[in-house]
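The values are calculated or read from the model by the stated rules, or taken from the named source; none is laboratory data. As the structure is a prediction and not an experimental result, all values here were calculated from the model. Virtual Cβ from ideal backbone geometry, glycine too; neighbours counted across all protein chains shown. For the accessible areas, the whole protein counts, side chains as well, though only heavy atoms, and no ligand, DNA or RNA atoms are used. Shrake-Rupley method; radii C 1.70, N 1.55, O 1.52, S 1.80 Å.
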Amino acid sequence: MAQVIDTRAEPQAALSRAMDVLGRGLPVAIPTETVYGLAADATNPAAIARIYETKGRPRFNPLIAHVADLAMAERHARFDPLSRRLAEAFWPGPLTLVLPGRPDSPIHSLARAGLDTIGLRVPTGFAHRLIAAFDRPLAAPSANTSGRISPTTAAHVTADLGDRIELILDGGPAGVGLESTILKVVDGTVHLLRPGGLNISEIEALTGSPVIRPKGAGATIEAPGMLASHYAPEAGVRLNATEVRPGEALIRFGGRALPGEAKASIVLDLSPSGDLREAAANLFGFMQQADATGAGSIAFSSIPATGLGEAINDRLERAAAPRN
């Protein structure tokens, strides 16, 4: 079973132990402000392969490379003026930029899933300190079995991957609770590849132009989280429920009770006050709780699609999608 070290109580021990494990080409579960990541040296193909093996992740699904700052990012990718402006405004934070990779970047093609682009992000907190000390990008998808619910606490990681990895760093609950927003600039226009923890309205306020949303299914996989079925619990998922079936788990929003919830296996409210930021932070943790009841299905009441609600609904639609 993995060793767990609290980064708040023992920051230096956590840093030293993580540096050792990463240096041996093994993955480490790390806290970030979005969700917990399964991090490994992005320049080491054996280390990257261990991420894929540990998660059971399809090789065609690329990994985000986490870097310490814009200067490190520029060593691995080419920035157009608009991408640089976005990085300067929102890094460190829950923003990933998909950029053309530099030919001399040591980030291995396995992390890019063979693409000529690379997704880069600068996280906050202990993850930022670890990357700066390691002085190499860390590939770090969410620290969970591929396609399942993303972890927002160290306990979630332990329950899922604790017998498959050597070290888990505990930084407390993830503050954002959703993966990063992923953007790609094409011909001076910002395109959304995945909604996430950075509100699209903030991006549009900065650029003064609308962000282009993807058009329908079947898009090329350019970034994590674009698979049709993703973030899925063991239970089935039923969206926009207006009533609760006997034995279902219910996850509602805004303090609104649903008919039949007295017979639910569990009732959770993402935000009784209707705060979408609170709902985002609670989403994956509540899905874990609901799934743990053993209910055959989880019913979700409707959630507004504005602001962070766009990202929440994206995760729920992928969780509810048909599974292979």
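Structure above, values below:
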| quantity | calculated |
| --- | --- |
| Segment 86-128: Cα Rg divided by the 2.2 N^0.38 Å rule of thumb | 1.27 |
| Euclidean distance between Cα centres, segment 288-324 to segment 123-155, Å | 23 |
| Where Rh is the Kirkwood radius over Cα pairs, Rg/Rh for segment 125-166 | 1.02 |
| Two-site label geometry, residue 3 and residue 206: point separation in nm, points 7 Å out along Cα→Cβ | 3.8 |
| Modelled label reach - residue 12, point 7 Å along Cα→Cβ, segment 124-146 residues with backbone N closer than 15 Å | none |
| DSSP beta bridge pairing in the chain, given as percent antiparallel to the nearest 5 | 45 |
| P(r) of segment 1-106 over all Cα-Cα pairs, binned every 10 Å from zero, in whole percent | 12, 39, 36, 12, 0 |
| Diffusion coefficient, µm² s⁻¹, Stokes-Einstein with Kirkwood Rh over alpha-carbon pairs of segment 260-324 at 37 °C and 0.692 mPa s | 259 |
| Residues of type lysines that residue 184 reaches as a straight line, Cα spacing below 22 Å, ignoring anything fewer than 8 places off in the same chain | 215 |
| Dipole of segment 235-324, positive end: most advanced residue of 244, 305, 281 [Cβ charges, Cα centre] | 244 |
| Most fluctuating residue given options 166, 202, 234, as computed from a GNM of the chain linking Cα atoms under 10 Å | 202 |
| Solvent accessible area, Å² - residue 263, 1.4 Å probe, full protein context | 150 |
| Separation of the residue 273 and residue 242 label points, Cα + 7 Å toward Cβ, nm | 3.0 |
| Geometric extent, Cα atoms of segment 152-201 - Rg, Dmax (angstrom) | 15.8, 46 |
| Most mobile of 183, 167, 239 in a GNM of the chain (Cα contacts under 10 Å) | 239 |
| Å² of accessible area per residue within the chain, as computed with a 1.4 Å probe and no ligands counted | 39 |
| Three principal axis lengths of segment 81-213 [C-alpha, angstrom, descending] | 46, 34, 29 |
| Integer Hz, Karplus 6.51/-1.76/1.60 couplings in order for segment 305-319, x for Gly and Pro | 8, 8, x, 5, x, 4, 5, 4, 5, 4, 5, 5, 5, 6, 5 |
| With every protein chain in place, the chain: carbon and sulfur % of accessible area (1.4 Å) | 52 |
| Efficiency of FRET between residue 49 and residue 19 - r from beta-carbon atoms, R0 22 angstrom, step 0.05 | 0.60 |
| Residue of 146, 109, 201 that the Gaussian network model of the chain assigns the largest fluctuation, springs spanning Cα pairs under 10 Å | 201 |
| When the chain is reduced to its Cα atoms, the Kirkwood hydrodynamic radius in Å | 19.8 |
| Amide hydrogen neighbours beyond the local backbone of residue 80, cut-off 5 Å, H modeled | none |
